[in-house]
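The values are calculated or read from the model by the stated rules, or taken from the named source; none is laboratory data. Because the structure is predicted, anything quoted here is derived from the model rather than measured. Counting neighbours? That spans all protein chains shown, and the Cβs are built from the backbone with ideal geometry, glycine included.
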Amino acid sequence: MFIRVRLLNGLPEPLWYSVPENYTQSLTGLIVQVPLRDRIIPALVIDEQKAKPYNIAFELKPIHAIEQLPEDPHYLPFLQKLGNYYQIESLHFIKRIHHFLIDKKQEELVALEQKIHSTESSVILTDEQKKVCDFIIPTIGKNVYTPVVLHGVTGSGKTEVYKQIFLDALSKNKTSLLLLPEVTLAIAFENRLKAELPDTPIYSFHSGKTPKEKNAVWNNLRTQTPMILIGVHLPVLLPIPNLGVIVVDEEHEVGYQEKKHPKINSKEAALMRAQQAGIPILLGSATPSISTLYNVKTKRWAFFQLKKRFSGVLPAVSVVSLKEDRNRREFWITKELNSAITDRLQKREQTIIFLNRRGVSFFVQCKNCTFIFSCSTCSVSLTLHEDERLICHYCGTSMALPYACSSCKASADNFLKKGIGTQKVVTILQKMFPQATIARADLDTTTKKKVWQQTIADMTDGKIDILVGTQTITKGFHFPNVTLVGVLWADLQLSFPVYNAAETALQQLIQVAGRAGRHHIPGTVIIQTMADHELFNHLNEIDYLQFYATEMAMREELGYPPAGRFAELEIKHVDERKLEQDTYYVIDSLHAYAKKINLNVTILGPAKPPVSKIKSVHSRKIYIKGKDFSQIALLCNALTKKKYSSSIYFTPNPL
């Protein structure tokens, strides 16, 4: 027998090999070890035949060995479907898993551990929780695709529902897959489940794991050992023979979409996986995405709510204008927020201050000539940090704040420091409340793992009075003594140039507000704004669903998801002139092909994105809207088969 293979590393062209006579099984879809020059390398078998190919005159080398994949009959069809959706070869996913398994590197990640107050698994469920379990548990093992949405307010005990589902799946010899939007949250969830379910097989599969831990997961898959498997992007790409249920926590999070191309969205992949395997999938969130709620309305997905907190009550929320009463000590701290912080310090309760912008100032500008300090390799202004350094938040370029303007040579006395970031907020609060212990939680601090770990521990132990942070603090944390949340500039994100800006802004506000009053002491949330907006009428967690009707009216009028389908083409090149040339070739080709076959689509662009150069690579974007995704896919698929000097990347549902 003879087989045709694609190498998992090395040459992209298929190669032929012979198969020793003692191999009688079909090898298509399996990974085999093949000789190539003086090496033995892995390859995927894509075809097999009894006769030697007629156009090959030389003797074919025999394969070296077979690497048996876990026996999952749904695996290869799922990868094929996923590859078709993202317009990439399904081999990409097999390569990725194989390389991850043999990769010796491990990210230095630490668990964001918090004190676990209970190690008991026999929690008595509320009536609301029991309804969810009673619906989804009987569907496990029935071979029926069952999407279920769980809208549970912050602190309502969604995890207890997950645990009951996992335990039932294990009792049926089924593996449960739990997806989280960040690796650090996956680690924290793993620690919590291991503490509360000490005799349960719980494993994680992500970049924070050692090769030994990753191989333990692989061996369980090969032996079909049931387990709870936790991760972010990778687990859904594994062959899982006895997969029984998938849970996607914080399903609204954009973190499920990968940042590098191809930008696979793990939540979308999980839905495809559940459909292919015929299993239930539970999507949980305190702020379900508009697209998920749309599927509840139009596709009749099952929908449940947890309206009551497991402990504590929902906080009281008030909106305060930053434009009123400007005669205050600090512009960014209104009198209402000042008074509330003072009260919490007197009561020895904790406060969280949220601002979705790190640094000291957005940018530094010379008022003499209007020059703005910008990154030389990325098309963004440099952010001023507290150590008087200008830093690019895309490539990491760092420089000391100059003593003079780079353009007109005016002295630093002429520099205007515009906007505000988390570092500046800390400085302001330290001046206003010198007796308070204040800490910061943003990307600059959370990447320092040991420092961040200590911050979490100190916050949990009550050693920190005020924690200032970005979206890092909006999810996954339970600080019992936090009774006040202050949002400094709530409408900041509304100016972002994306169609779902209002949705993501409201989700962040509700999530960070949910950190207050999670224990026996009632909580307060003060939201400061520069401008009025409809979304501020929906800040109560129970009223969140009312926002759906308002937002959907806008989406339907403009044809944005989920009312229509949306896709992105990103074109990249180091040479901006060649990029511009290719971009217009692409846009002309799209219009011509759409007209030729009469496609009902709208082509937008090309556009120069807000950040059009990162690490010296320029980019342009083209967007395509249409009612039918198959028409968008047909158009883009025809385009990507052509050769351009620029790289072209397709994202079917960009977030």
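Filtering the range 15-52 to residues that are without any contact (Cβ under 8 Å) to a residue 40 or more places away in the chain, in contact with an Asp or Glu (Cβ under 8 Å, 6 or more places away or on another chain) and either of a type outside the set (S, T, N, Q) or buried (at least 17 other Cβ atoms within 10 Å of the Cβ) (or both) leaves Leu27, Leu30, Val32.
For Arg357, the criteria (1) over 27 Å from the mean Cα position of the chain (by Cα); (2) surrounded by 16 or more Cβ atoms within 10 Å (Cβ to Cβ); (3) of a type in the set (Lys, Arg) hold in every case but one, which is (1). Kindly indicate whether any position in the range 266-282 is basic (Lys, Arg) and not assigned by TED's automatic domain parsing to the domain that holds Asn500. Scanning the range 266-282 turns up at least one residue that is basic (Lys, Arg) and not assigned by TED's automatic domain parsing to the domain that holds Asn500.
Of the strands (runs of 3 or more DSSP E) lying entirely inside the range 240-348, those containing at least 2 residues that are aromatic (Phe, Trp, Tyr) and in contact (Cβ under 8 Å) with a residue 24 or more places away in the chain span 302-306.
Of the residues making up the range 259-285, those that are of a type in the set (D, E, K, R) and either surrounded by 20 or more Cβ atoms within 10 Å (Cβ to Cβ) or at pLDDT 95 or above (or both) are Lys263, Lys267, Glu268, Arg273. Among residues of the range 189-206 that are within 16 Å of Val217 (Cβ to Cβ), those with a beta-carbon under 8 Å from a residue that is part of a helix (DSSP H, G or I) and small (Gly, Ala, Ser) at least six positions away or on a different chain give the pairs Tyr203/Ala216; Ser204/Ala186; His206/Ala186. Cβ-Cβ contacts under 9 Å between residues 6 or more apart (or on different chains), taken from a first residue in the range 174-187 that is buried (at least 24 other Cβ atoms within 10 Å of the Cβ) to a second residue that is of a type in the set (Asp, Glu) and part of a strand (DSSP E or B), are listed as Leu178/Asp249; Leu179/Asp249; Leu180/Asp249. Count of the range 167-187 residues, restricted to those that are of a type in the set (A, V, I, L, M), more than 19 Å from Leu238 (Cα to Cα) and at pLDDT 95 or above, is 1.
Which of the residues spanning the range 218-242 are in contact with a Lys or Arg (Cβ under 7 Å, 6 or more places away or on another chain) and of a type outside the set (Val, Ile, Thr)? Those that are in contact with a Lys or Arg (Cβ under 7 Å, 6 or more places away or on another chain) and of a type outside the set (Val, Ile, Thr): Pro226, Leu237, Asn242.
Out of the residues in the range 149-171 that are out of contact with any Pro (no Cβ under 8 Å at 6 or more places or on another chain) and more than 21 Å from Arg309 (Cα to Cα), which is surrounded by the fewest Cβ atoms within 10 Å (Cβ to Cβ)? Looking at the filtered set, the residue picked out is Ser171.
Of the residues in the range 232-249, none is under 30 Å from Gln508 (Cβ atoms) and among the small types (Gly, Ala, Ser). Within the range 453-512, the set of residues being touching a residue at least 24 places away in the same chain (Cβ under 8 Å), touching a helix residue (DSSP H, G or I) at 6+ places or on another chain (Cβ under 8 Å) and among the hydroxyl-bearing types (Ser, Thr, Tyr) comprises Thr470, Thr472, Thr474, Thr483, Tyr499, Thr504. Could you check the range 533-570 and list, in sequence order, the residues that are modelled with pLDDT of 85 or more and assigned to a loop (DSSP other than H, G, I, E, B)? Hits for the range 533-570 are His533, Leu539, Gly559, Tyr560, Pro561, Pro562, Ala563, Gly564.
If you go through the range 523-560 and keep only what is out of contact with any helix residue (DSSP H, G or I) (no Cβ under 6 Å at 6 or more places or on another chain), surrounded by 18 or more Cβ atoms within 10 Å (Cβ to Cβ) and within 30 Å of Tyr86 (Cβ to Cβ), you end up with Arg555, Tyr560.
Listed here are the residues, each with its yes/no results for (1) touching a residue at least 24 places away in the same chain (Cβ under 8 Å); (2) part of a helix (DSSP H, G or I); (3) touching a strand residue (DSSP E or B) at 6+ places or on another chain (Cβ under 7 Å).
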position: Ile587; (1), (2), (3): yes, yes, yes
position: His591; (1), (2), (3): no, yes, yes
position: Thr602; (1), (2), (3): yes, no, yes
position: Pro610; (1), (2), (3): yes, no, no
position: Ile622; (1), (2), (3): yes, no, yes
position: Ser630; (1), (2), (3): no, yes, no
position: Tyr649; (1), (2), (3): yes, no, yes
position: Asn653; (1), (2), (3): yes, no, yes
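When Val319, Val360, Val313 are screened for being more than 18 Å from Val468 (Cβ to Cβ), of a type in the set (Val, Ile, Thr) and at pLDDT below 90, only Val313 passes.
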